[in-house]
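The values are calculated or read from the model by the stated rules, or taken from the named source; none is laboratory data. None of these values were measured; they are calculated from a predicted model. Here the Cβ positions follow ideal geometry from the backbone for every residue, glycine too, while neighbour counts run over all protein chains shown.
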Amino acid sequence: MAKLKNIVKQLSEKDFKTIHDSLIESNAEKSAYLLKSLRERQLSDNKIMAELEVNANAYYTLRSRLNLKIEEYLMQQLESPRTDVLRKVANINEVLFTKKRTISIATLKKLEKELIDYDLANELTVIYKSLKRLNVNSPDYFQYSQLYNRHVAYMLALDKAEDLLSDYFKKYGNFLFTGDEIEKLGLNLLMKEMQNVANLYESHRLYVYRSCMFIFHRLFVEHDETAQPDAESIEDIFDKVQKIFDSYTLDSIYFHINLVFEFLKLEYYNHYKVYRQAEKFYEEVNDAVVNLLTNYPTFTFPAQFLISKLERTIRLGTEAELYEESETSLVDYEADATDIPKHVIYIIYRSMVCYYAGKYDEAAKIINGLLNEVSLKKYPVTLLEVKSLLALQYVLLQDYELFNQLSNSIQRQIRMFGKDGCENIQLFIKILKIAVSEAKKEKAKKISAVIPKLKDLKVNYFAPTLLVKFDDALVKKLTEF
């Protein structure tokens, strides 16, 4: 919650009072109390929870709602001057047809400056088109013609960059679910195309768009260690992007896209195992997880956060706490089955949360629901991964008939990939086969001999089987039947 505290403390007195008063008026006394406590008192989260008489989940919800309320208020402040400028551009013909030429030109020049400050390329083309008309008999006509042409081209470059971002993260989902080298080549080509587009103009917006793709690419596709020696470091990119955000505080796109860079910073520190630094960004991204999953799939691959969240809880040994938290944190999320990679990861996350809470029947129902709802024929490896997780639930539920049917199906499909394919799934099923075998002698020892091989494996595709924590507790469960 460190970032929320910082935002609250940086609010002007006027903004703080306005937000506080609006909370009181809407009968949100607890949110108002939390706002005041964060600004005026140095209390720990536990102390505030005790004073508010709420549990951790209710406090999490309260905090998220306060953060949303502050964001909405700040957005209103951002939009007011921007909306005013856009309204003036929309009414430009009133000026051109009713005012003298000198007044019209002066008005357009003033609007030009304001639009440049907001980096509104589309609206600038309207201004330069109008200035061309007013200067048709003037030597300035050529200058405004050039500016008009340049901004039309720049606007098209921005559109192209946004399309490339969207295409890249759609293709990344295919790469993550297949590990296919052709998909990887496609990602590299999109990255090069984005660099070419960004190099056409000295544009901070193109730099930000390029950075969304470039950082993610170096973390998850062509790992940062393979970057060229003279390539800009990721930390330098973060610094430069933050300076851009600080310089264009009225830009609504930057206001929202800042969440993408909070997420990328989290993944950057996770990548290098600097977990203390990663924790500085985890809470803020976690608070906005529904927003990230819903509204940002064209700017990043938000489902990666759910994978990272599972890895974090396993590392910290807090995986059993996820079930209760997920009841509140993801309650507002509306799943989108048309985005198959994101949807599958979301469903797998939910099933893993149930699994770690010991709710094996619920986990099995969730996975079966996925298999009935979404066709994974395009992603055969992912299908095997999903089925393997379901097989684990059947073993823990002691439904050996369903397990045997499913494991036989999995093994038939594995043979189609060849012996070298899906090694992690082969080892995973081997452990489960040992667990259900009639020979009870030294089951635990046999399973424990396979586990290190499974843990040492590295795969380049989405492998939820590697998110199963094979500790002594699980080995005991698998061998006590």
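Here are the numbers for this structure:
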quantity	calculated
Residue 186 farther than 26 Å from residue 269 by Cβ, in contact (Cβ under 8 Å) with a residue 12 or more places away in the chain and surrounded by 17 or more Cβ atoms within 10 Å (Cβ to Cβ)	yes
Selection status of residue 206, farther than 23 Å from residue 117 by Cβ and not β-branched (Val, Ile, Thr)	no
Looking only at region 154-211, and only at residues there that are among the hydroxyl-bearing types (Ser, Thr, Tyr) and assigned to a helix (DSSP H, G or I), the one that is nearest to residue 122 (Cα to Cα)	154
Leading residue by the ranking (surrounded by the most Cβ atoms within 10 Å (Cβ to Cβ)) among those in region 310-332 that are within 18 Å of residue 273 (Cβ to Cβ) and among the hydrophobic types (A, V, I, L, M, F, W, C)	310
Condition met for residue 157 (at pLDDT 90 or above and of a type in the set (Gly, Ala, Ser))	yes
Some residue of region 277-288 being surrounded by fewer than 20 Cβ atoms within 10 Å (Cβ to Cβ), out of contact with any Leu (no Cβ under 8 Å at 6 or more places or on another chain) and free of Cβ contacts under 8 Å to residues at least 24 places away in the same chain	yes
Residue within region 212-219 that is surrounded by fewer than 19 Cβ atoms within 10 Å (Cβ to Cβ), within 24 Å of residue 273 (Cα to Cα), at pLDDT 95 or above and in contact with a helix residue (DSSP H, G or I) (Cβ under 6 Å, 6 or more places away or on another chain) present	yes
Inter-residue pairs, beta-carbon under 9 Å, first more than 17 Å from residue 455 (Cα to Cα) and in the same structural domain as residue 391 (by TED's automatic domain parsing) and in region 418-441, second crowded, with 22+ Cβ neighbours inside 10 Å and at pLDDT below 80, 6+ apart	none
Residue ranges of helices (runs of 4 or more DSSP H) in region 84-144 with at least 1 members within 36 Å of the chain's Cα centre (by Cα) and closer than 28 Å to residue 253 by Cβ	101-118, 121-134
Residues (assigned to a helix (DSSP H, G or I), among the hydroxyl-bearing types (Ser, Thr, Tyr) and assigned by TED's automatic domain parsing to the domain that holds residue 466) located in region 293-327	308, 313, 323, 326
Scan of region 238-264 for residues that are farther than 16 Å from residue 211 by Cβ and either surrounded by 19 or more Cβ atoms within 10 Å (Cβ to Cβ) or β-branched (Val, Ile, Thr) (or both), ordered by number	249
Of residues in region 23-54 being surrounded by 11 or more Cβ atoms within 10 Å (Cβ to Cβ) and assigned to a loop (DSSP other than H, G, I, E, B), the one modelled with the lowest pLDDT	43
Members of region 440-481 found to be closer than 30 Å to residue 182 by Cβ, surrounded by fewer than 18 Cβ atoms within 10 Å (Cβ to Cβ) and among the hydroxyl-bearing types (Ser, Thr, Tyr), listed by number	461
Residue match in region 391-412 (condition: at pLDDT below 95 and under 29 Å from residue 217 (Cα atoms))	no
Verdict on residue 117 being surrounded by fewer than 19 Cβ atoms within 10 Å (Cβ to Cβ) and under 29 Å from residue 305 (Cα atoms)	no
Residue match in region 176-186 (condition: modelled with pLDDT of 95 or more and within 12 Å of residue 157 (Cα to Cα))	no
Every residue from region 67-120 that is at pLDDT below 85, acidic (Asp, Glu) and out of contact with any Ser or Thr (no Cβ under 7 Å at 6 or more places or on another chain)	71, 72, 84, 117, 119
Flag for residue 376 being assigned by TED's automatic domain parsing to the domain that holds residue 315, surrounded by fewer than 20 Cβ atoms within 10 Å (Cβ to Cβ) and either touching a residue at least 60 places away in the same chain (Cβ under 8 Å) or under 24 Å from the mean Cα position of the chain (by Cα) (or both)	yes
Positions within region 124-152 being small (Gly, Ala, Ser) and in contact (Cβ under 8 Å) with a residue 12 or more places away in the chain, in sequence order	130, 145
Inter-residue pairs, beta-carbon under 9 Å, first touching a residue at least 24 places away in the same chain (Cβ under 8 Å) and in region 337-349, second buried (at least 18 other Cβ atoms within 10 Å of the Cβ) and basic (Lys, Arg), 6+ apart	349/309
Failed item in (1) buried (at least 18 other Cβ atoms within 10 Å of the Cβ); (2) touching a residue at least 60 places away in the same chain (Cβ under 8 Å); (3) acidic (Asp, Glu), with residue 267 passing the rest	(2)
Helices (runs of 4 or more DSSP H) contained in region 339-426 and holding at least 2 residues closer than 20 Å to residue 173 by Cα	340-356, 360-373, 380-396
